[in-house]
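Written below as C-alpha cells is the structure these notes are about.
The values are calculated or read from the model by the stated rules, or taken from the named source; none is laboratory data. The shown structure was predicted, so the numbers you read here are calculated from the model rather than taken from an experiment. Virtual Cβ from ideal backbone geometry, glycine too; neighbours counted across all protein chains shown.
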C-alpha cells in the first residue's frame, strides 16, 4: 500500500530521488480508495491528470458563464455549451473510443477537454 504521507524536508536540504518519486506517484494513491485491483489503480492514475485539468477549466467556464449571465447574454452561454458538448465532444469521444481504439479513456478525455474548448469560446466574448 502506498503511504499518503511524506517526510517534511527543510527547503535548504536537497531532495532525494525517492522523495521526488513519492510526489509524482500521489495520483496512484487514489486508485486504492476504489479497489486493490492493479488495472483499476493504473486506470485511475491515467485519468487523474485529465480530471485535474477538467477542474481548472470547469472553474473558468463557471466564471465566464456567470459574467454572461450578469450581462443578460445567457443565450450565448447556452449556444456555446450545446456546440462544445454535443457537436465537438460527443463525436470526438465516439471517434476516440471506437475508431481509434482508446476505449473508455476516449469519451472521458473528450468530455474533460470540452471545458477547454468552451473556455476558448467564452473568454473573448
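Computed values, structure above
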read-out	value
Test result for residue 57, part of a helix (DSSP H, G or I) and modelled with pLDDT under 85	yes
Residue list for the stretch 79-125, filter: surrounded by fewer than 16 Cβ atoms within 10 Å (Cβ to Cβ), more than 30 Å from residue 39 (Cα to Cα) and more than 18 Å from the chain's Cα centre (by Cα)	79, 82, 83, 86, 87, 123, 124, 125
Flag if residue 87 is modelled with pLDDT under 80 and either under 30 Å from residue 125 (Cα atoms) or outside any helix (DSSP H, G or I) (or both)	no
Filter pass, residue 31 being assigned to a helix (DSSP H, G or I), modelled with pLDDT under 85, over 15 Å from the mean Cα position of the chain (by Cα) and buried (at least 16 other Cβ atoms within 10 Å of the Cβ)	yes
Filter pass, residue 119 being touching a helix residue (DSSP H, G or I) at 6+ places or on another chain (Cβ under 7 Å), at pLDDT 85 or above and within 20 Å of residue 52 (Cα to Cα)	no
Residue list for the stretch 40-75, filter: exposed (fewer than 13 other Cβ atoms within 10 Å of the Cβ) and either under 14 Å from residue 112 (Cβ atoms) or in contact (Cβ under 8 Å) with a residue 60 or more places away in the chain (or both)	49, 52, 55, 56, 59
Residues (assigned to a helix (DSSP H, G or I) and out of contact with any helix residue (DSSP H, G or I) (no Cβ under 6 Å at 6 or more places or on another chain)) located in the stretch 95-107	95, 98, 99, 105
